[in-house]
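> Submitted below is the structure of interest, expressed as structure tokens.
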Amino acid sequence: MNYRKLINIFSMTIVCSILIIACNKPAGSQGSSGHSPSPSNTKVFKWKLAQTWKTNVPIFGDVTKKFVKIVNIMSNGRLIIKIVPSNIHKAPLGIFDFVKSGRYEMGHSASYYWKGKNFNAIFFTTVPFGMIATEQYAWFYYGGGMELMEEFYSKYGLLSFPGGNTGNQMGGWFRKEIKTIEDFKNLKMRIPGFAGEVLTKVGAKTINIPPGELYQSLERGLIDALEWVGPSLDLQMGFHKIAPYYYTGWHEPATELQFLINKKAFDKLPPDLKEIVIIAMKSTAYDMLSQSMHESAINWEKIKTEYPNIKVKTFSKEIIARLKEENAKLLKERAAKDPFSKKIIEHQQAYMKKVRAWTKMSDYAYLKDN
Ligand code: CA
């Protein structure tokens with residue numbers, strides 16, 4: 001046996017001995033230091049999370065269920081979060097105020113629901129003709145989007161994080177076919193966010209209605225048309241029974257939901273719990289994009305086999321061109337009105353230009369021939 005082999009055997013014996021000693025430590029030993037847990041490691045935090053959705057809403061409701069489960073397990077029960085759905089708190093569009101006031105430590109909703117509080121909230125959900133989901137996630141996490149969102153929400157004492165993406169949404173359900181731009185005139189439509197502003201410019205009467213009241217509003221004639229999400233969530237709502245024209249999308253290419261956290265509550269958490277919350281939000285948000293893609297694929301197939309009366313349509317090139325024109329005009333007006341709007345719009349547009357060039361060279365170049 002040569003000298004080098006002897007050294008190797010000696011080193012391995014030491015490593016194995018260390019491992020055996022480590023593995024035989026009594027249960028309850030606290031890590032390698034053997035210190036007792038500090039008070040911040042044993043304190044149990046109890047939070048409440050108010051969400052815009054009812055408990056049983058698939059996908060959106062799954063995000064929060066998965067999130068609280070991950071937090072509970074990873075924190076070893078030191079952060080317990082109770083989900084309070086809209087059927088309990090009765091204010092589906094009131095999440096911003098709930099979390100801002102501290103009545104709830106957390107919320108799950110969509111930023112564009114707060115356009116009445118501050119118009120700029122819209123830009124952190126999606127914008128018509130804007131980025132698709134993969135591009136927007138790149139913008140949020142690496143392209144400066146999170147920093148802009150923090151700048152926006154910090155003045156309200158809030159932290160905001162991506163809360164799940166639906167992917168490209170369908171353009172909505174209509175009772176009648178939309179053949180020309182004139183057909184939008186006086187059309188009462190539920191459509192939130194910037195898209196609602198655009199359709200107002202072409203004569204539609206747009207409103208936002210909480211998800212739980214959509215079907216009734218359409219059935220009672222309070223609205224003539226609506227958009228919700230896409231096949232992943234729309235079919236089970238039954239809209240097709242009343243409004244069979246189902247249009248492809250232009251208005252919400254990458255709708256991102258939102259986790260809101262009261263900053264004071266977050267600051268009270270020890271560093272490990274903060275990190276667990278952040279990781280759990282990021283993981284469940286991105287997971288929603290995969291789930292949405294899956295559910296959309298399954299339900300899109302069902303349209304052909306189980307819902308033959310649904311008439312799938314695409315708005316004409318002329319309609320899309322006009323909507324694009326109105327959208328660009330509105331963005332310009334917005335930027336001229338408010339310096340922070342200008343900052344976000346310019347930031348998003350510059351990023352989109354860069355990232356879209358790559359999307360066209362990669363996914364688009366591949367898909368157009370396959
Ligand atoms: Ca929508």
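The values are calculated or read from the model by the stated rules, or taken from the named source; none is laboratory data. What you see is a predicted model, and the numbers here were worked out from it, not measured in a lab. So basically every Cβ, Gly included, is an ideal-geometry build from the backbone, and we count neighbours across all protein chains shown. Accessible surface is based on the protein model in full, side chains and every heavy atom, while ligands, DNA and RNA are left aside. Shrake-Rupley method; radii C 1.70, N 1.55, O 1.52, S 1.80 Å.
> Filter the range 199-218 down to the residues that are over 18 Å from Ser109 (Cα atoms) and either in a helix (DSSP H, G or I) or within 11 Å of the ligand (Cβ to nearest atom) (or both) and list them by number. Give the steps one after another, and end with the answer.
Here is the first cut: in the range 199-218, the residues over 18 Å from Ser109 (Cα atoms) are 199-206, 215-218.
Selection gives Leu199, Thr200, Lys201, Tyr215, Gln216, Ser217, Leu218.
> Here are Lys342, Lys353: which of them is among the basic types (Lys, Arg) and surrounded by 15 or more Cβ atoms within 10 Å (Cβ to Cβ)? I'd like the intermediate steps shown before the answer.
On the way: Lys353 fails: surrounded by 15 or more Cβ atoms within 10 Å (Cβ to Cβ).
After ruling out the rest, the residue left standing is Lys342.
> OK, next. Answer with yes or no whether Ser290 is within 20 Å of Val63 (Cβ to Cβ), free of Cβ contacts under 8 Å to residues at least 40 places away in the same chain and either away from the ligand (no atom under 16 Å from the Cβ) or out of contact with any Lys or Arg (no Cβ under 7 Å at 6 or more places or on another chain) (or both). Talk me through it step by step, then tell me what you get.
Numbers: within 20 Å of Val63 (Cβ to Cβ): yes; free of Cβ contacts under 8 Å to residues at least 40 places away in the same chain: yes; either away from the ligand (no atom under 16 Å from the Cβ) or out of contact with any Lys or Arg (no Cβ under 7 Å at 6 or more places or on another chain) (or both): yes.
Judged against the criteria, Ser290 is a match.
> Based on this model, can you work out whether Tyr351 counts as modelled with pLDDT of 95 or more and in contact with a helix residue (DSSP H, G or I) (Cβ under 7 Å, 6 or more places away or on another chain)?
Spelling it out, Tyr351 is indeed modelled with pLDDT of 95 or more and in contact with a helix residue (DSSP H, G or I) (Cβ under 7 Å, 6 or more places away or on another chain).
> Given the residues Gly196, Gly172, Gly157, which is the only one that is away from the ligand (no atom under 16 Å from the Cβ) and open to solvent by less than 40 Å² (accessible area, probe 1.4 Å)? Show your work before the answer.
On the way: Gly196 fails: away from the ligand (no atom under 16 Å from the Cβ); Gly172 fails: away from the ligand (no atom under 16 Å from the Cβ).
Exactly one of Gly196, Gly172, Gly157 is away from the ligand (no atom under 16 Å from the Cβ) and open to solvent by less than 40 Å² (accessible area, probe 1.4 Å), namely Gly157.
> Out of Leu257, Leu233, I need the residue that is within 15 Å of the ligand (Cβ to nearest atom), assigned to a helix (DSSP H, G or I), touching a residue at least 24 places away in the same chain (Cβ under 8 Å) and crowded, with 19+ Cβ neighbours inside 10 Å. Which one?
Numbers: Leu257 fails: assigned to a helix (DSSP H, G or I).
When all the criteria are applied, what remains is Leu233.
> Hey, another quick one. Kindly establish whether Leu330 is in contact (Cβ under 8 Å) with a residue 24 or more places away in the chain, in contact with a His (Cβ under 9 Å, 6 or more places away or on another chain) and surrounded by 12 or more Cβ atoms within 10 Å (Cβ to Cβ).
On the way: in contact (Cβ under 8 Å) with a residue 24 or more places away in the chain: yes; in contact with a His (Cβ under 9 Å, 6 or more places away or on another chain): no; surrounded by 12 or more Cβ atoms within 10 Å (Cβ to Cβ): yes.
So Leu330 fails the test.
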